[in-house]
1. Check whether at least one residue in region 148-156 is closer than 23 Å to GLY59 by Cα, open to solvent by 80 Å² or more (accessible area, probe 1.4 Å) and of a type in the set (Lys, Arg), and report yes or no.
2. Restricted to region 48-67, and to residues that are surrounded by fewer than 20 Cβ atoms within 10 Å (Cβ to Cβ) and not charged (D, E, K, R), which residue is modelled with the highest pLDDT?
3. Take the conditions at pLDDT below 85, open to solvent by less than 100 Å² (accessible area, probe 1.4 Å) and among the basic types (Lys, Arg) and apply them to LYS28. Does it pass?
4. Please list, ordered by first then second residue, the pairs with beta carbon atoms under 8 Å, 6 or more apart or interchain, first in region 146-175 and among the hydroxyl-bearing types (Ser, Thr, Tyr), second open to solvent by 70 Å² or more (accessible area, probe 1.4 Å).
5. Whether any residue in region 128-138 is farther than 26 Å from ARG62 by Cβ, in a loop (DSSP other than H, G, I, E, B) and under 12 Å from the mean Cα position of the chain (by Cα) is what I want to check.
6. Against the conditions (1) surrounded by fewer than 10 Cβ atoms within 10 Å (Cβ to Cβ); (2) not hydrophobic (A, V, I, L, M, F, W, C); (3) not in a loop (DSSP other than H, G, I, E, B), where does GLY104 fall short? Just the number, please.
7. What are the residues in region 110-128 that are in contact with a Phe, Trp or Tyr (Cβ under 9 Å, 6 or more places away or on another chain) and open to solvent by 80 Å² or more (accessible area, probe 1.4 Å), if any?
8. Quick check on this structure: which one of ASP96, ASP136, ASP125, ASP140 is touching a Gly at 6+ places or on another chain (Cβ under 9 Å) and either of a type in the set (Asp, Glu) or modelled with pLDDT under 85 (or both)?
Amino acid sequence: IPPSRSQRLAIRLAQKSTAVIRNAQVPKTADPPGSHAPSAAKEAVTPPVVAIIGLSNSGKTRVAVALIELLTARGYRIAAVKHSPHGHQVDRPATDSARFYAAGAMRVFLSSPGQMTSIERTEVDTPLEEILASLDSSYDLLVAEGFKGSAVPKVMVLGAERLSPPPQNIIAVVG
């Protein structure tokens, strides 16, 4: 069966993303072989990032999901973040964890076999760069949906309308 248009696009994006992964400048953090003392100043290691941007209903999620599926099928460990500028809710009202949050907890963790969720209060809309800095080196790539104002490389998904002015650092256009 020939690949669909979405699959062909995801394959091209996966190729670009694997190039981003391969070419990422990752600071060395490991101690020299045989050394048992921790380094005095370890640099934070974060994965490369690509943002999928576009207007509402342009297909950003479809593109991000296809890219994540392709890269994870190739063995890459992918982290993902979605920007929700109008707010979001991840917990159901009246659950114990929702009650913890409503009571004023700054951060609530939900833990169960196979998954963990964290809900954290913030004063402002957290910038992508801050989210990226919170990740460790166990991820190969962060796929972000949204964050069109960030400085990271971007894939722009075109819908019926165009973003104006066009964002900076566009590496691919879909649509």
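The values are calculated or read from the model by the stated rules, or taken from the named source; none is laboratory data. Predicted, not measured: the structure shown is a model, and the values here were computed from it. Note that each Cβ is placed from the backbone with ideal geometry, even for glycine, and that neighbours are counted across all protein chains shown. Side chains are part of the model used for accessible areas, which takes the heavy atoms of the whole protein and leaves out ligands, DNA and RNA. Shrake-Rupley method; radii C 1.70, N 1.55, O 1.52, S 1.80 Å.
1. Within region 148-156, one or more residues are closer than 23 Å to GLY59 by Cα, open to solvent by 80 Å² or more (accessible area, probe 1.4 Å) and of a type in the set (Lys, Arg).
2. From region 48-67, those surrounded by fewer than 20 Cβ atoms within 10 Å (Cβ to Cβ) are 55-57, 59, 61-62, 65; that's our starting set.
Cutting the leftovers down to not charged (D, E, K, R) gives us 55-57, 59, 61, 65.
Numbers: LEU55: 88, SER56: 87, ASN57: 87, GLY59: 90, THR61: 90, VAL65: 93.
It comes out as VAL65.
3. Numbers: at pLDDT below 85: yes; open to solvent by less than 100 Å² (accessible area, probe 1.4 Å): no; among the basic types (Lys, Arg): yes.
For LYS28, the condition - at pLDDT below 85, open to solvent by less than 100 Å² (accessible area, probe 1.4 Å) and among the basic types (Lys, Arg) - is not met.
4. SER150/GLU129
5. Checked against the condition, which is being farther than 26 Å from ARG62 by Cβ, in a loop (DSSP other than H, G, I, E, B) and under 12 Å from the mean Cα position of the chain (by Cα), region 128-138 yields at least one hit.
6. GLY104 satisfies all of (1) surrounded by fewer than 10 Cβ atoms within 10 Å (Cβ to Cβ); (2) not hydrophobic (A, V, I, L, M, F, W, C); (3) not in a loop (DSSP other than H, G, I, E, B) except (3).
7. As a first pass, look at region 110-128 and keep what is in contact with a Phe, Trp or Tyr (Cβ under 9 Å, 6 or more places away or on another chain): 116-119, 121, 127-128.
The one that is in contact with a Phe, Trp or Tyr (Cβ under 9 Å, 6 or more places away or on another chain) and open to solvent by 80 Å² or more (accessible area, probe 1.4 Å): MET116.
8. Unique residue meeting the criteria: ASP140.
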